[in-house]
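Shown next, in structure tokens, is the structure this report addresses.
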Amino acid sequence: MAASLLRLSRPRPRRALLPLSALRLPLSTQPLPQPREPSSSPTRGLPAVLSFLAAAAAAAGGTTATVAFCDSDGRDHRVGGKESTELVVRGERKRVPQEFVDELASFLGENLTVDLEERSFHGTPQNSFHKSVNVPDVVVFPKSQDEVRRIVMACNKYEVPIVPYGGATSIEGHTLAPHGGVCIDMSSMKKIKSLHIEDMDVVVEPGVGWIELNEYLKPYGLFFPLDPGPGATIGGMCATRCSGSLAVRYGTMRDNVINLQAVLPNGDVVKTGSRARKSAAGYDLARLIIGSEGTLGVITEVTLRLQKLPSHSVVAMCNFQTIKDAADVAIATMLSGIQVSRVELLDEVQIRAINLANGKSLPEVPTLMFEFIGTEAYALEQTLLVQKIAAEHHGSDFVFVEEPNAKEELWKIRKEALWAGFAMKPDHEAMITDVCVPLSRLAECISVSKRLLDASPLTCLVIAHAGDGNFHTIILFEPSQEDQRREAERLNHFMVHTALSMEGTCTGEHGVGTGKMKYLEKELGIESLRTMKRIKAALDPNNIMNPGKLIPPHVCI
């Protein structure tokens, strides 16, 4: 069991890159480009500007013409579009010109590879069931903002797709390369450029991991409060607008970025603001790029807001007979005004997984975990108040610890939950989904979803950031069994639509990628999606930035 957990979490050593003399594209090893279907429109297949002019000319001549700019160009809308049921993302791929590779190699040297194994690794998500028919044609490892700028300019010149690549921890297909192209691996850009202790901010490159950053900050009595999955990097965290268990106190990524720099598709470098803690100067470009999932530009520098390490903390745990009782306590705790830093809910299946993986004997019932921070007296006072709330909602076995080793041991239960879930069925894949609802609807949403999950023949585990209405389900299925794959999709579909019916969202923190595109129209409305499409078209007219992600393919402007 332990070996399975290590295999899932161990970082992959970087493969030695090919010498420059070997940089001839191995076309025989690449997937063949899919044939284009014949165009049924006189303007389809033209560049966007020419299509617009053709439509204008038709209108001037007294004829009617309908021009729709769509990613799919009239082809199959099923993948990622409304009512999509396919998990393999398809795309059209054209051959990358050799002169394009030569141009990249002229300034990247050996920080470029066309090796099939390396390309396949970068084109296959490490913790996700999503797959694509294609992989990147080239993988590059820039070491500076200027190299990123030159890579992007070359891609724009040759109209080669770009897929930015961070810590590879995303789970909704963000790093797939359905159209081939260039994967920009940011792992070589991991400098901590400057720390301003008195201002409590730090400037970093996008390849810095949040765990490594906090190790660096610890001697200064500071920390960065977001804690997504191990291995996540700051650039990817910005791109997906992630959060984590501490978001209930400190907010999400959009609340903790002061400014950032990004390379736009035309090669321009934009800085979104100063280091001031607040500003009313112009459009909030940082919030536009945060959560854009690499579709508008490549993030190259981030200035982060920091927090003081708490002087004291208490970790508590309490058991419940029903998941509704546990969710009700989370809601009551937040309504009471108690300043918790974490409120995490684990269902009985998740507790069973932890027992199996770690040889524990925890009661296999819905469980809430809390963290309280502040002075010793304040943290203890808040703990006792929550203990009283839990007792009023049928809570039992309320325990809390203050000694550092005991806190680490107790909190390890939550930190290892995901890997313990994977280890229950090591030969299965996991469909991991997250939804978020207004806090007052959390108990109802979890209860309704849990009834369906429990009735399913698949193994399903529930973990929730219960303090802000966000919960995850891990659905384990055998990928070779079509009936299991369809059942997993049915459960996911039900959870999302249940959340949307309660004025919630299809994704609280995982992002959209390819997996959640099909739900965006129902959540946001077609006009919002068209607005996103117009922004994308204005900044990226050649559609090179992570194409096929975030914006559903059926959205036309």
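The values are calculated or read from the model by the stated rules, or taken from the named source; none is laboratory data. Everything quoted here is computed from the prediction, not taken from an experiment. All Cβ positions, even for glycine, are placed from backbone atoms using ideal geometry, and neighbour counts span all protein chains on display. Accessible surface is based on the protein model in full, side chains and every heavy atom, while ligands, DNA and RNA are left aside. Shrake-Rupley method; radii C 1.70, N 1.55, O 1.52, S 1.80 Å.
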For this session: Using a 1.4 angstrom probe on the protein heavy atoms only, line up T322, T233 by accessible area, largest first.
Result: T322, T233
Seminar exercise, completed: For W411, the accessible surface traced by a 1.4 Å probe with all protein chains present amounts, in square angstrom to the nearest 10, to 20 Å²
Exercise. Measuring from a point 7 Å past the Cα of S274 along Cα-to-C-beta, which residues in segment 244-261 have an amide N at less than 19 Å?
Worked result: 257-261
Exercise. How large is the Kirkwood hydrodynamic radius of segment 412-464, in angstrom, based on all distinct alpha carbon pairs?
Worked result: 12.7 Å
Exercise. With every protein chain left in place, what is the accessible area per residue of segment 354-411 in square angstrom, probe 1.4 Å?
Worked result: 53 Å²
Seminar exercise, completed: From highest to lowest solvent-accessible area (probe 1.4 Å; ligands, DNA and RNA excluded), Y216, Y250 read Y216, Y250
Exercise. Can you pull the percent of segment 110-190's accessible area that's carbon plus sulfur, 1.4 Å probe, other chains left in place?
Worked result: 47 percent
Exercise. Do any of K131/K412; K94/K536; K191/K271; K190/K518; K191/K549 go past 24 Å between their Cα atoms, and which?
Worked result: K131/K412; K190/K518; K191/K549
Exercise. Tell me, how many Å apart are the Cα centres for segment 428-485 and for segment 139-166?
Worked result: 37 Å
Problem set entry | Tensor-based shape of segment 286-431 (alpha-carbon gyration tensor, a/c under 1.5 rounded, otherwise prolate or oblate) | oblate
Problem set entry | Accessible area per residue, Å², segment 170-256 with all protein chains present, probe 1.4 Å | 35 Å²
For this session: Pop out the carbon and sulfur fraction of the accessible area of segment 394-492 as a percent, whole number, probe 1.4 Å.
Result: 51 percent
Problem set entry | Candidate residues I192, I289: accessible-area rank, largest first, probe 1.4 Å | I192, I289
For this session: Any aspartates and glutamates with Cα under 19 Å of the K157 Cα? List them, leaving off those in the same chain fewer than 8 positions away.
Result: E92, E99, D102, E103, D137, D146, E147, D268, D540
For this session: Calculate, for segment 436-475, the solvent-accessible area per residue in square angstrom, rolling a 1.4 angstrom probe over the heavy atoms of the protein chains.
Result: 29 Å²
Seminar exercise, completed: Applying the gyration tensor rule to the Cα atoms of segment 199-327 (axes a ≥ b ≥ c; rounded if a/c under 1.5, else prolate if a/b exceeds b/c, else oblate), the class is prolate
Problem set entry | For segment 373-461, fraction of C-alpha pairs farther apart than 15 Å, in % | 76 percent
Seminar exercise, completed: Between E409 and Q126, the FRET efficiency computed from the C-beta separation at R0 = 30 Å comes out, to the nearest 0.05, as 0.60
Problem set entry | Contact order normalised by residue count of segment 481-557, Cα under 8 Å, 6+ apart, percent | 29 percent
For this session: Take the alpha carbon gyration tensor of segment 130-213, find the square roots of its eigenvalues, order them as a ≥ b ≥ c, and report rounded if a/c is under 1.5; if not, report prolate when a/b exceeds b/c, else oblate.
Result: oblate
Problem set entry | Accessible surface of S243 - all protein chains present, 1.4 Å probe, nearest 10 Å² | 10 Å²
Problem set entry | Those aspartates and glutamates that a straight Cα-Cα span of less than 20 Å connects to K516, excepting residues fewer than 8 apart in one chain | D71, D76, E83, E86, E172, E293, E429, D434, E487, E489, E503, E527
